[in-house]
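The values are calculated or read from the model by the stated rules, or taken from the named source; none is laboratory data. Bear in mind the structure is a predicted one, so any value in this text is a computation, not a measurement. All Cβ positions, even for glycine, are placed from backbone atoms using ideal geometry, and neighbour counts span all protein chains on display. Quick note on the areas: whole protein, heavy atoms, side chains included, nothing else; ligands and nucleic acids left out. Shrake-Rupley method; radii C 1.70, N 1.55, O 1.52, S 1.80 Å.
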Amino acid sequence: MTAFPQRVFSGVQPTGNLHLGNYLGAITRFVALQDSHDCIYCVVDMHAITQAVSVWGGPDELKKSTREVTAAFIAAGIDPDKHIVFNQSQVAEHAELAWVFNCVARMGWLNRMTQFKEKAGKHRENASVGLFAYPTLMAADILVYRATHVPVGEDQKQHLELSRDIAQKFNGDFADSIRAVTGGEEFFPLPEPLIQGPATRVMSLRDGTKKMSKSDPSDNSRINLTDDADTIAQKIRKAKTDPEPLPGEEEGLKERPEADNLVGIYSALADKPKADVLAEFGGAQFSTFKTALADLSVARLSPIAAEMRRLTADPGYIDTVLVRGADQAREIARPVMNSVKDIVGFLR
Ligand code: AQP
């Protein structure tokens, strides 16, 4: 087995408002990995346009959202001076490798992707080819840097498994050529998903069985990173719950999805285990717990929102960060793509 140096890659789409699920499931994990790994964090604008223009809002909105996600990364604590932060479309190698992967991945593999089924819904024939091929572009995003670790929320697990399948098939299909070109056995690592922490799947505030999501038509279903203190408190006050008081132990959260979700959010924001949260609030009514959760949410999110506002007021700075990050990303991606061309047999 080839040993690959450890490298972290992950991305966030610039579509709509970033929410608490994106923050707890992904961005806080990105921040945590910075001390131990070389990290590449990407605003995946090419993924954003796989949906209808009405979803991502058109060119001006895309630019604004790309800067906003970049600002969220920095405001949450990602250091663009130490790690690479850029937007996907500036590094053409993502699209180049995605094409090769389109020819490696099988239709049957992509047909099984639940995210495509959910997003295409009943209008499958009307979905873009890009939406169907989304997972091959995602595999290219990761593997063009030969990244070994990918922090994501639970909803991305299936796509990560597909990235591993693509890497494995490429390594197998081109084994002789890989040996001839690189002298090694495998060209791509099999990237490991890092799905960690107490909030890998934050659920909707209106329905504890549905994922908190940017595309939910109800704004009350999610807490946006840009919501002000009053809005956060109001959304938590209105969050769906059940009539029972909170249980004293985790076992008591079973079959209570809304209670489980709110306790999970508290646990992630307070950075303490659910058991400790229940030891403190067991027996309390939701009105008491919701007040504490709203205070904690405001305390954690308001400084990020304020910093995002400060950063987005200076789009020139954000654009400089993205251009510099893209230059650094290209330095890694270009030689990988050149080797892929040699391995596949493209003259250059
Ligand atoms: N509810 C969630 N809980 C935990 N993690 C989540 N993520 C998304 N929703 C939750 C994680 O956030 C990262 C970036 O997601 P994305 O920008 O690629 O977009 P997404 O998954 O499409 O986000 P949404 O809100 O779910 O958008 P829609 O509504 O369009 O489907 C990923 O690591 C993701 O796992």
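With all protein chains in place and ligands, DNA and RNA left out, the 1.4 Å accessible area ranks D276, D230 as D230, D276, largest first. Average accessible surface for segment 153-205: 44 Å² per residue, computed with a 1.4 Å probe over protein heavy atoms with every protein chain in place.
Please determine, in degrees from 0 to 90 and to the nearest 10, the orientation of helix 286-312 with respect to the longest principal axis defined by the Cα atoms of the chain, where the helix direction is its Cα long axis. Computed tilt is about 40 degrees.
Our note on the geometry: Cα centres of segment 14-39 and segment 114-145, 21 Å apart. Compared with the dominant principal axis of the Cα atoms in the chain, helix 59-76 is inclined by about 70°. Assign one of three labels to segment 286-348, namely rounded, prolate or oblate, based on the Cα gyration tensor with a ≥ b ≥ c the square roots of its eigenvalues; rounded applies when a/c is under 1.5, prolate when it is not and a/b is larger than b/c, and oblate otherwise. Oblate, since a/c reaches 1.5 and b/c is not below a/b.
Relative to the longest principal axis of the Cα atoms of the chain, the long axis of helix 257-270 lies at roughly 80 degrees. Normalised by the number of residues in segment 25-163, the average gap of Cα pairs under 8 Å and 6 or more apart makes the relative contact order 33 percent. Report, to the nearest whole %, how much of the accessible area of the chain belongs to carbon and sulfur atoms, 1.4 Å probe, protein only. Exposed carbon and sulfur together represent 50 percent of the surface.
What segment 1-140 shows is 44 Å² of accessible area per residue, with the surface traced by a 1.4 Å probe over protein heavy atoms. Structure note, pairs K157/K210; K211/K274; K211/K254; K64/K238; K214/K235; K210/K240: Cα-Cα distances above 21 angstrom occur for K64/K238. Packing order of peptides 177-187, 105-115, highest average first: 177-187, 105-115 (average count of other Cβ atoms within 10 Å over each peptide's residues).
Based on Cα contacts under 8 Å between residues 6+ apart, the chain shows a relative contact order of 24 percent.
Compared with the direct C-alpha span, the chain from D79 to A92 gains 2.3 nm at full extension, assuming 0.36 nm per residue.
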